[in-house]
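Below you'll find the structure, written out as structure tokens, and then a few comments.
Please treat every number below as a calculation from the coordinates, not as lab data. Nothing here was measured: the structure is a model prediction, and the numbers come from that model. Here Cβ is always computed from backbone atoms with ideal geometry, including for glycine, and neighbour counts include all displayed protein chains.
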Amino acid sequence: MFARNAAKAVAPNASRLFSSSSARHTKVTVLGAGGGIGQPLSLLLKLDPLVTNLSLYDIRGAPGVAADVSHVDTASEVNGYPGEKLDEALDGSKVIVIPAGVPRKPGMTRDDLFNTNASIVRDLAAAIARVAPEAHILVISNPVNSTVPIVAETLNKAGVFNPARVFGVTTLDVVRASRFLASVSGTSPSECNVPVVGGHSGPTIVPLLSQVSHGKSLAGESYDKLVYRIQFGGDEVVKAKDGAGSATLSMAYAGAKFANSLLRGLAGEKGVVTPTFVYSPLFADKGIDFFSSPVELGVNGVEKIHPLGKLSASEEKLLEACLPELKKNIEKGKAFVA
Ligand code: NAD
Ligand code: LMR
């Protein structure tokens with residue numbers, strides 16, 4: 001277990017973050033780049049002008065994906081690394097995105113992936129601790145509620161955990177909430193920026209519809225149906241893909257969207273706020289160390305963790321259902337590393 005002030009051990013070096021060389025060189029690495037998410041995510045990162053070097057790693061197929069993506073006519077350099085070249089892939093990374101691991105099949109929960117994905121994520125985090133301890137780490141691999149604590153604990157064991165630099169990517173929940181609310185309210189997703197808080201699985205996903213103008217009037221069955229669809233949107237895709245995996249394209253979009261938000265914050269843009277699952281004080285008094293809430297991203301990564309704001313009575317109930325499940329998932333992740 002780590003102390004709540006663990007960040008102090010590795011406080012970011014501001015002069016380095018602002019140096020002209022770091023402004024010119026932003027290496028982003030994808031671990032699991034050959035997979036269903038990894039491939040389109042790599043393509044979308046190739047389109048991001050804030051990425052100058054794209055490093056693609058997988059235990060299978062990354063050099064091929066890199067050769068392909070490298071022909072896209074944007075400025076960034078692309079390199080692909082096979083399984084034995086993990087250290088080279090990581091070296092000098094500013095941001096590391098992890099979609100490595102197995103996806104669900106129909107009938108499985110995200111927690112059913114724990115046995116396979118926990119060790120994949122732990123081993124990748126151990127390599128990051130050794131080779132790129134100052135990188136910002138974006139965890140996509142499920143179950144996110146457990147894999148993020150696994151990454152944090154692994155870094156902490158190595159003495160390099162900085163809570164400002166570890167993120168669980170929950171952006172797909174925000175993307176879905178926005179899209180689904182737009183559908184039921186007959187508006188545009190751009191007008192439906194729903195904060196989604198908690199974690200990333202079923203009842204731990206808590207959409208705060210009352211905080212959006214098009215969502216606050218929903219009630220009764222239409223409210224319940226929308227909440228259910230946001231909480232279980234992942235199941236819709238798993239079922240439709242019928243054994244061929246889970247969300248990949250929408251996830252790649254969400255992953256690239258979050259990476260871009262972080263890169264904008266790291267580049268000094270102010271006011272970049274988006275929900276993400278981070279080491280958080282919000283429910284620490286209840287023994288819950290990680291929580292997703294709107295977070296301001298800045299030059300050091302996490303700049304400010306925003307409180308949840310005013311909740312409706314229904315949202316209070318959703319939060320009540322979220323907390324014990326989330327606590328269990330987090331403890332499982334921590335126990336795996338301990
Ligand atoms: P996939 O099987 O298509 O791809 C996974 C890739 O990881 C494969 O290419 C595999 O070779 C690679 N891999 C396995 N072990 C590795 C290791 N040790 N190092 C590097 N690469 C390794 O799966 P996918 O559909 O891309 O999903 C990946 C993960 O993302 C799953 O765990 C899935 O549940 C999760 N996911 C999360 C979200 C989210 O919202 N956070 C959304 C969708 C999927
Ligand atoms: C999702 O929300 O689509 C992902 O977490 C993948 C899954 O297993 O549902």
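So here's what we get for this one:
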read-out	value
Selection status of Phe291, buried (at least 22 other Cβ atoms within 10 Å of the Cβ) and either touching a residue at least 40 places away in the same chain (Cβ under 8 Å) or at positive phi (or both)	yes
Residue ranges of strands (runs of 3 or more DSSP E) in the range 76-156 with at least 1 members closer than 15 Å to Leu31 by Cβ and not hydrophobic (A, V, I, L, M, F, W, C)	77-81, 136-139
Residues within the range 139-171 that are within 13 Å of ligand 1 (Cβ to nearest atom) and within 18 Å of Leu263 (Cα to Cα), tallied	7
Number of the condition not met by Gly268 [criteria: (1) farther than 25 Å from Glu153 by Cα; (2) assigned to a helix (DSSP H, G or I); (3) more than 16 Å from ligand 2 (Cβ to nearest atom)]	(2)
Residue, nearest to Ser246 (Cα to Cα), within the range 157-201, restricted to residues that are part of a helix (DSSP H, G or I) and in contact with a Phe, Trp or Tyr (Cβ under 6 Å, 6 or more places away or on another chain)	Thr171
One residue from Ser146, Ser178, Ser185 being over 21 Å from the mean Cα position of the chain (by Cα) and more than 12 Å from ligand 2 (Cβ to nearest atom)	Ser185
Filtered residues of the range 196-228 (kept if more than 16 Å from ligand 1 (Cβ to nearest atom), touching a residue at least 40 places away in the same chain (Cβ under 8 Å) and closer than 26 Å to Phe290 by Cα)	Leu208, Leu209, Ser210, Gln211, Leu226, Val227
